[in-house]
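The values are calculated or read from the model by the stated rules, or taken from the named source; none is laboratory data. Just so you know, these numbers come straight off a predicted model, no measurement behind them. Cβ coordinates were reconstructed from backbone atoms using ideal geometry, including for glycine residues, and neighbour counts include every protein chain displayed. To get the accessible areas, we keep the full protein, side chains included, count just its heavy atoms, and leave off ligands, DNA and RNA. Shrake-Rupley method; radii C 1.70, N 1.55, O 1.52, S 1.80 Å.
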Amino acid sequence: MQNIYDLTLQELEQFCTPSYRAKQIYSWLYHHYIDDFDAMNNLSKDFRQTLKTTFQLQRPKIITTQHSKDGSKKYLFQTHDLHNFESVLLKMRESQNDETGKIIQEERWTLCVSSQIGCKVGCAFCLTAKSGFVRNLSAGEIVSQVVSVKKANQIPPQKRLNIVFMGMGEPLDNFDEVIKAIQILANKDGLSISPKRQTISTSGIAPKIKKLGELNLGVQLALSLHAVTDELRSKLIPMNKAYNIQEVISTLKKFPINSRKRLMFEYLMIAGVNDDIKSAQSLLKLLNGFKAKVNLILFNPYENSQFQRPSEKNVRSFQEFLMQKGLLCTIRESKGLDISAACGQLREQNL
Ligand code: SAH
Ligand code: SF4
C-alpha cells in the first residue's frame, strides 16, 4: 500500500473528488501532524474508510532523542523495515532588525535530514560511510522527518524552519526521491518550506548537479570541496576519481543561483592535511569568478578516526586570509558535538 506522505498535492488531488479534499488532507498531515486517518474529522466516515484501505499513514518512529547542551537535538528514527537513521534539529540564532532598527536575536531552527540509510560514496573522514550503504529513503520518509520533529517539539506550522540535506547519505545519489521531497516540503498548502530555505549538500556528482540545475527549483546548493588538488580530493572523496575538481567546478558555473544568494563551498579542515595557507591560496584561485561563500568545517573526530581536528589558530588564519582577499568565509559551529550529532558523526546504529 502506498504511503500517503509519498504523494505530492497534485497526486492526491487526482485521487480526491472534489479535489479540494486533497488540501484538507494536506492540512491534517502537515499543519496538525496527525497520526491516524480517523483524526481527519472534516472528512466523511466513508471517505476516511476509503483512505484507510488505499494508503498507509506511516512515519518512521522516533526511537531516541538526545539533547545537546547547545539546545540541538538528535533523533534516531526506525523505519518500517527496521533500519535506523538520524536527523538533527539545530538551534541557530539569527540577528534581525526590529521596527525601530534595533538588532534583536531570534531563535531559528534548522533541521538536518537524512536522504539515505548509509552512503555509497565512502569518504575517508565520514562515519556514515563506515557502515556502507543500506537503501535510499523514500520522499515520504524524508518529509516525515520534518513532520515528526515539528510534532515532537510542538513547533507551530507557521514557524520558519530551514532544511539542510546534510544528514546521512548523498542526496544526489537518491535524486528522484529527494526532488520529490523538496517539492512536497515546499507546497504552500503543506509545510510551505520554500526551496530557497532548503540546501542540498553534495560530494560532487557532476551529472546530477547539472540535472538539478536544469530543474531550476530555486534550491540552494553546497559543494563538499574539502581539497584543492585532485590527488588529495580523490583520497578523501573517492567520487573525485569519476568527477574531478575541474569537472565539478565547470558544472557549478552553470548552476542557477538566486541573485541574492551565493554558492556554498564546504571545506572540511583536517589537521596537517589541508589546513595550511598554501591550500587557502589555491582555494582562492579555484573559486575566482564565483559568487561564493566558503564554510569551514572542522573535522569532528569519532572513535578510531584516522584524522585530527585542526588547531583554532590554523582555522582563524585560513579564514582571515580568504576574508582579506574578499572571499566570504564562515566557520561552521559544531552543533551537538557532545551528542555525536555533528556532521559526519551519524551512522546507522543497531539497537
Ligand atoms: N553526502 C553529502 C551530505 C551529507 S554529509 C556531502 O557529502 O556533502 C554533510 C557534510 O558533513 C559534508 O560536507 C561532509 O563532508 C561533512 N562531514 C562528513 N564527515 C565529517 C566529519 N567527520 N567531520 C566534519 N564534517 C564531516
Ligand atoms: Fe556520503 Fe557525504 Fe559521508 Fe561522503 S561525506 S560518505 S558523500 S554522507
When all Cα-Cα pair distances of segment 49-171 are considered, the percent exceeding 20 Å is 51
So the carbon and sulfur contribution to the accessible area of segment 2-56, 1.4 Å probe, in percent, is 46
Filtering trypsin sites (Lys or Arg not before Pro) in segment 172-278 by DSSP loop and by at most 16 other Cβ atoms within 10 Å leaves K188, K254, R260, K261, R262
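Between D36 and T65, take the C-beta separation as r, use R0 = 22 Å, and let me know the FRET efficiency to the nearest 0.05. Please list the in-between numbers first.
Details: r = 22 Å, r/R0 = 1.00.
The computed FRET efficiency comes out at 0.50.
For E11 and D176 in the same chain, what is the full-extension length gain: residue separation times 0.36 nm, less their Cα-Cα distance, in nm?
57.9 nm
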Given a 1.4 Å probe, the accessible area of segment 65-224 per residue, as a whole number of Å², is 39
Expressed in nanometres to one decimal, the distance between label points 7 Å along Cα→Cβ at Q324 and L215 is 4.2
For the chain, the longest principal axis of the Cα atoms and the Cα long axis of helix 312-324 enclose an angle in degrees, to the nearest 10, of 90
Within the chain, the percent of DSSP beta bridges that are antiparallel, given to the nearest 5, stands at 50
Binned at 10 Å from zero, the C-alpha pair distances of segment 61-349 give percents of 6, 28, 38, 23, 5, 0
The simple spin-label model distance between R135 and K23, using points 7 Å out along Cα→Cβ, in nm, is 3.6
Excluding ligands, DNA and RNA, the carbon-plus-sulfur percentage of the accessible area of segment 246-306 with a 1.4 Å probe reads 45
Counting as exposed only GluC sites (Glu not before Pro) in DSSP loop states with no more than 16 other Cβ atoms inside 10 Å, the longest exposed-site-free span of the chain is 100-302
Rounded to whole Å², per residue accessible area for segment 2-56 with a 1.4 Å probe reads 52
Taking Cα atoms only, helix 175-186 is inclined relative to the longest principal axis of the chain by an angle, in degrees rounded to 10, of 70
Computed from the beta carbon distance with a Förster radius of 25 Å, FRET efficiency for K254 and S317 to the nearest 0.05 stands at 0.15
Rounded to the nearest 10, the angle in degrees between the Cα long axis of helix 206-215 and the longest principal axis of the Cα atoms of the chain comes to 50
Check: C-alpha center segment 113-176 vs C-alpha center segment 264-335, spacing in Å is 24
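Taking the Cβ-Cβ separation of F47 and L82 as r and a Förster radius of 22 Å, what is the calculated FRET efficiency to the nearest 0.05? Walk me through the numbers before you get to the answer.
Working: r = 32 Å, r/R0 = 1.47.
Efficiency at R0 = 22 Å is approximately 0.10.
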PRE zone check, label point 7 Å out along Cα-to-Cβ of K261, amide N under 14 Å, scope segment 275-292, hits 291-292
